[in-house]
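Trainee: The structure that follows is given in the form of structure tokens.
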């Protein structure tokens with residue numbers, strides 16, 4: 001499992017390099033607009049085989065009492081924070097199915113982006 005996690009991290013990092021993006025763009029012109037969404041799908045799907053290491057019906061964790069209520073509260077705060085942070089960006093651009101607009105350009109420093117560079121990643 002450790003080898004798989006290391007390979008996953010390596011692939012994840014490799015796919016973010018400009019060199020790989022350029023090679024893919026040279027190989028498949030026009031694919032660059034789908035690169036981010038494809039990267040997101042690969043990032044989500046590649047850890048799935050790790051679930052095979054779990055025993056069927058195995059309990060991952062159990063939280064009870066006040067800790068359960070606190071965790072639920074944190075989850076609700078995260079959902080609210082995610083919605084707040086998402087207001088400052090174009091979700092189509094973020095998810096990769098819409099090309100970044102030229103007129104928006106520049107660094108976003110509104111809302112949650114005033115405090116943190118990647119609030120959606122932090123909140124998730």
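Trainee: Quick check on the exposure proxy: order 16, 46 from fewest to most C-beta atoms within 10 angstrom.
Mentor: By the 10 Å Cβ count, ascending, the order reads 16, 46.
Trainee: Then there is this: Under the classification rounded if a/c is under 1.5, otherwise prolate if a/b is larger than b/c and oblate if not, where does region 1-52 fall, given a ≥ b ≥ c as square roots of the Cα gyration tensor eigenvalues?
Mentor: prolate
Trainee: Taking 0.36 nm per intervening residue step and subtracting the Cα-Cα distance, what contour gain separates residue 45 from residue 79 on full extension?
Mentor: Gain in length upon complete extension: 10.0 nm.
Trainee: When only Cα pairs under 8 Å and 6 or more residues apart are kept, what is the percent relative contact order across the chain?
Mentor: Once divided by the residue count of the chain, the mean separation gives 28 percent.
Trainee: Using the basic label-point model (7 angstrom from Cα toward the beta carbon), what is the residue 121 to residue 107 distance in nanometres?
Mentor: About 1.5 nm, to one decimal.
Trainee: Taking square-rooted eigenvalues a ≥ b ≥ c of the alpha carbon gyration tensor, is the chain rounded, prolate or oblate, where a/c under 1.5 means rounded and, failing that, a/b exceeding b/c means prolate?
Mentor: Values: a/c = 2.76, a/b = 1.21, b/c = 2.29.
It comes out oblate by the Cα gyration axes.
Trainee: Residue separation times 0.36 nm, minus the C-alpha to C-alpha distance between residue 69 and residue 6: what's the value?
Mentor: 19.2 nm
Trainee: Per DSSP H run of n ≥ 4, the term is -39500 (n - 2.57); total these for the chain, divide by its residue number, and report the mean residue ellipticity at 222 nm rounded to 500 deg cm²/dmol.
Mentor: Helices in the chain give a 222 nm mean residue ellipticity of -16500 deg cm²/dmol.
Trainee: Turning to a different aspect of this structure: Once a ≥ b ≥ c are taken as the square roots of the eigenvalues of the Cα gyration tensor of region 46-93, is the result rounded (a/c under 1.5), prolate (a/b larger than b/c) or oblate (a/b not larger than b/c)?
Mentor: oblate
Trainee: If I model a spin label at residue 33 and residue 20 as a point 7 Å from the Cα along the Cα→Cβ vector, what separation in nanometres do I get?
Mentor: Here the answer is 2.4 nm between the modelled labels.
Only the coordinates and a few stated rules stand behind these numbers; no lab work does. Fair warning: this is a prediction, and the values are worked out from it, not measured in the lab. FYI the Cβ positions are ideal-geometry reconstructions off the backbone, even for glycines, and counts take in every protein chain you see.
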